[in-house]
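Peer 1: Quick one: this structure, given as structure tokens, is what I'll be asking you about.
The values are calculated or read from the model by the stated rules, or taken from the named source; none is laboratory data. Just so it is clear, the structure is predicted and the values come from calculations on it, not from any experiment. Note: ideal-geometry Cβ built from the backbone for every residue, glycine included; neighbour counts use all protein chains shown. Side chains are part of the model used for accessible areas, which takes the heavy atoms of the whole protein and leaves out ligands, DNA and RNA. Shrake-Rupley method; radii C 1.70, N 1.55, O 1.52, S 1.80 Å.
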Amino acid sequence: MANVISQTTRTWMQRICMMGILQSSNKEDARRIKVVNIVSLATGILVTVYGISFYLLLHSLYILIPAVLVFCPAFFAMIWLNHKRHFNASRIGIHAIFISIILYYGSILGRVTEVQLLAVFLMSVALLIWRPQEKVPRFICALMPIICLVLLEFIYYYDLVEPLPLSETTQNLYRWMVMPVVLFLNYLAISLYQHNIMDLLRTLRSRNTSLMKSRNENEKQRKQLQVYSQHLEQLVEERTGALNKANVAKTQFINELSHEIRTPLHTIIGISEMLSSILSSAETADPQARQMAKSLSATSNNIMELINNVLELSKIEAGKSDEVRLEPFSLKEWMRNTVSIYQSIASTKSVVLHLEIDGRFPETIMSDKVMLAQVINNVLSNSIKFTPAEKNIRIKCLHNSNSVLIQICDQGAGISLMQQEAIFRPFEQGDKEVYRQYGGSGLGLAIAKRKAELMGGNIQVSSVPGEGSNFLITLPLKLSTDTDGTPASIALVPLPADTKVVVMDDNEIDHMIMKHFLARIGVTNVSFAHDGAEGVMMVRKMMPDVILMDLHMPVMSGRETFCTLREDEHLKHIPIVAVSSDAFKEQEQEFILLGMDGYIRKPVDTRVLHAVLQKLLLYDTKHINAGINGVVADKVNEAIV
């Protein structure tokens with residue numbers, strides 16, 4: 001029975017001490033609420049017990065009534081305030097009650113009350129229940145007991161309150177009864193301080209343990225991170241090496257593929273031009289056959305343009321974009337020639353090109369003719385591809401003080417606003433339906449935009465679906481007073497009739513095509529060799545004015561043949577022009593550095609062939625090659641290495 005009562009009492013005491021704590025989420029606040037509850041509960045019980053005891057001793061209602069009816073309910077009211085979450089009110093209230101007890105009992109009982117020890121206890125409580133950040137209420141509550149002691153001394157000195165009459169025996173008995181209470185309250189304060197310190201130590205120990213665990217975990221993670229970092233570096237290095245190898249393999253594959261495609265394409269284009277020339281001169285030729293020859297030539301040129309775009313994109317991805325090389329030329333004549341060429345392609349679709357050039361356009365400008373050709377050719381080819389039959393394409397060439405403006409307006413299907421940005425990305429077209437209907441690689445406009453930006457310009461597009469598209473090419477305008485770059489005539493001027501040429505190529509069809517091309521520019525004295533060794537013997541026998549040489553030949557390669565000719569004192573003055581399907585700029589630069597006098601890519605363009613031979617035959621090449629051959633041996637060795 002006693003255990004049950006004890007357990008029940010302990011449970012109720014714990015509940016009373018914990019009142020208001022459940023509503024507080026802060027651990028420090030909960031600790032302060034608990035201090036207020038414990039002090040209120042303990043002093044409330046002590047005030048009641050000692051109030052009754054002193055009444056029995058002194059038989060004075062001045063002691064009993066305030067203790068039982070005022071101070072005891074007031075202490076329990078502080079617990080109720082905490083329960084109602086009025087935490088600040090309970091902290092202020094408990095100080096007010098203690099101050100009242102000190103003043104009241106100290107006045108009516110006199111110096112026998114020993115209120116100094118109670119004041120010390122109250123100052124300790126003030127430090128317990130107020131946070132260090134709450135400086136003002138903490139200072140006031142700690143100062144109030146001192147003020148109370150001063151007031152009591154003032155009352156004692158001036159006899160403002162007459163104390164109850166107590167005999168010496170009663171005073172001693174009262175003092176011995178009060179002393180344990182005051183000591184208990186101070187012990188309670190010390191215990192609460194000790195409990196707080198132990199909580200702080202436990203918290204510190206827990207945090208220190210957590211910090212040690214965190215430190216160990218961080219060290220472990222650091223080591224793992226270091227291992228992962230080393231592994232990642234190794235993986236990146238391996239992947240980078242693999243990517244570099246793949247990129248080299250891709251470049252080599254594209255180079256070989258380009259060479260293999262250009263060789264038969266050179267044959268197709270050459271034969272188609274021969275057929276067109278023969279059918280155009282024959283009066284009895286079937287018109288349908290003429291149209292078929294034109295279509296074959298146009299299709300071949302389209303394939304050539306596609307190959308060039310693939311090569312160009314490969315160079316751009318490898319970061320090997322060509323540098324801008326400015327040269328003076330007549331943009332008006334160049335545009336007329338370009339549109340004339342593309343008109344033959346457009347005529348196969350019954351599409352008409354209209355060229356409009358501002359009459360005030362400068363005669364000669366400075367620009368990169370090769371890059372400009374890539375820009376115009378890709379945009380114009382795109383417009384021709386998407387323009388239906390019996391429609392028109394207008395090309396306008398304008399200028400202002402700073403820019404050249406070339407506008408290409410077609411009457412095609414148009415481009416939606418969402419697709420206008422996608423068409424300038426590699427391998428992307430408007431949608432899959434466009435690819436099914438028109439084909440293409442999706443490279444032309446991407447290359448055109450990059451080339452225009454490389455030249456300091458830009459390409460903009462505006463379009464209305466169902467009505468057509470408008471491409472505006474903007475390039476910097478740089479004027480030139482040099483008129484040497486202006487072509488005097490579109491027709492090719494025949495070369496001297498006594499010009500002798502040796503062609504080295506292992507392909508019989510290429511022999512036939514080159515013979516036709518050379519005949520068109522006035523060169524008829526042509527000899528053909530099937531390999532490098534035969535070519536060297538033929539050169540020694542014929543002593544030609546120019547040598548046209550393929551770089552991939554049996555018996556002796558183009559490099560070996562070139563070195564053999566340059567090392568011969570009697571042959572080293574003869575200009576040598578490479579005619580190859582190797583289309584990369586690096587390959588061309590390699591052989592130009594080796595000492596080649598020219599480099600022509602297959603498929604051969606008659607105008608390019610005429611320009612190269614005309615330039616070589618108009619100058620005294622002995623003096624030119626003499627300057628080259630002075631260091632040819634060193635350059636050959638460096639190139640071979």
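Peer 1: Is there a residue in region 59-78 that is in contact (Cβ under 8 Å) with a residue 40 or more places away in the chain and over 30 Å from Glu162 (Cα atoms)? Let's see the steps before the verdict.
Peer 2: To start, the set of residues in region 59-78 that are in contact (Cβ under 8 Å) with a residue 40 or more places away in the chain comprises 60, 62-63, 78.
Checking which are over 30 Å from Glu162 (Cα atoms) leaves us with 78.
The answer is yes, given that some residue of region 59-78 is in contact (Cβ under 8 Å) with a residue 40 or more places away in the chain and over 30 Å from Glu162 (Cα atoms).
Peer 1: Kindly indicate whether any position in region 69-77 is at pLDDT below 90 and open to solvent by less than 30 Å² (accessible area, probe 1.4 Å).
Peer 2: Restricting attention to region 69-77, the residues satisfying the condition of being at pLDDT below 90 are none.
No, every residue in region 69-77 fails to be at pLDDT below 90 and open to solvent by less than 30 Å² (accessible area, probe 1.4 Å).
Peer 1: Also, quick follow-up: Across region 303-339, which residue is most open to solvent (accessible area, probe 1.4 Å) among those that are assigned to a helix (DSSP H, G or I) and modelled with pLDDT of 80 or more?
Peer 2: The qualifying residue most open to solvent (accessible area, probe 1.4 Å) is Arg336.
Peer 1: Consider Ile376 carefully, then state whether it is in contact with a helix residue (DSSP H, G or I) (Cβ under 7 Å, 6 or more places away or on another chain), farther than 16 Å from Ala452 by Cα, surrounded by 15 or more Cβ atoms within 10 Å (Cβ to Cβ) and modelled with pLDDT of 85 or more.
Peer 2: When the stated conditions are applied, Ile376 does not pass them.
Peer 1: Scan (1) surrounded by 15 or more Cβ atoms within 10 Å (Cβ to Cβ); (2) more than 21 Å from Asn458 (Cα to Cα); (3) modelled with pLDDT of 80 or more for the single condition Gly414 breaks and write down its number.
Peer 2: That leaves (2) as the condition not met.
Peer 1: If I filter region 3-58 down to residues being in contact with a helix residue (DSSP H, G or I) (Cβ under 7 Å, 6 or more places away or on another chain) and basic (Lys, Arg), which single residue comes out as nearest to Leu173 (Cα to Cα)?
Peer 2: Lys34
Peer 1: Arg394 is checked against (1) modelled with pLDDT under 80; (2) among the basic types (Lys, Arg); (3) surrounded by 14 or more Cβ atoms within 10 Å (Cβ to Cβ) and fails just one. What number does that condition carry?
Peer 2: For Arg394, the failing item is (1).
Peer 1: Being in a strand (DSSP E or B), within 17 Å of Leu479 (Cβ to Cβ) and either open to solvent by 70 Å² or more (accessible area, probe 1.4 Å) or not aliphatic (A, V, I, L, M) (or both) is the filter here, so list the residues in region 399-411 that pass it. Break it down into steps so the answer makes sense when it comes.
Peer 2: Restricting attention to region 399-411, the residues satisfying the condition of being in a strand (DSSP E or B) are 399, 403-409.
Checking which are within 17 Å of Leu479 (Cβ to Cβ) leaves us with 399, 403-406.
Those that are in a strand (DSSP E or B), within 17 Å of Leu479 (Cβ to Cβ) and either open to solvent by 70 Å² or more (accessible area, probe 1.4 Å) or not aliphatic (A, V, I, L, M) (or both): His399, Ser403.
Peer 1: If you go through region 268-280 one residue at a time, do you hit one that is of a type in the set (D, E, K, R), at pLDDT 85 or above, farther than 22 Å from Glu586 by Cβ and part of a helix (DSSP H, G or I)?
Peer 2: Of all residues in region 268-280, those of a type in the set (D, E, K, R) come to 273.
Filter again for at pLDDT 85 or above, leaving none.
Within region 268-280, none of the residues are of a type in the set (D, E, K, R), at pLDDT 85 or above, farther than 22 Å from Glu586 by Cβ and part of a helix (DSSP H, G or I).
Peer 1: Moving to a separate point now. Of the residues in region 109-160, how many are open to solvent by less than 70 Å² (accessible area, probe 1.4 Å), in contact with a helix residue (DSSP H, G or I) (Cβ under 8 Å, 6 or more places away or on another chain) and not in a helix (DSSP H, G or I)?
Peer 2: Residues flagged as open to solvent by less than 70 Å² (accessible area, probe 1.4 Å), in contact with a helix residue (DSSP H, G or I) (Cβ under 8 Å, 6 or more places away or on another chain) and not in a helix (DSSP H, G or I) within region 109-160 amount to 2.
Peer 1: If you don't mind, another one. Mind checking which residues of region 341-356 are touching a strand residue (DSSP E or B) at 6+ places or on another chain (Cβ under 7 Å), surrounded by fewer than 16 Cβ atoms within 10 Å (Cβ to Cβ) and in a helix (DSSP H, G or I)? Explain how you work it out, then say what you get.
Peer 2: Step one: list which residues in region 341-356 are touching a strand residue (DSSP E or B) at 6+ places or on another chain (Cβ under 7 Å), which gives 342-343, 346, 351-356.
Now narrow it down to the ones that are surrounded by fewer than 16 Cβ atoms within 10 Å (Cβ to Cβ): 352, 354, 356.
Result: no residue meets the conditions.
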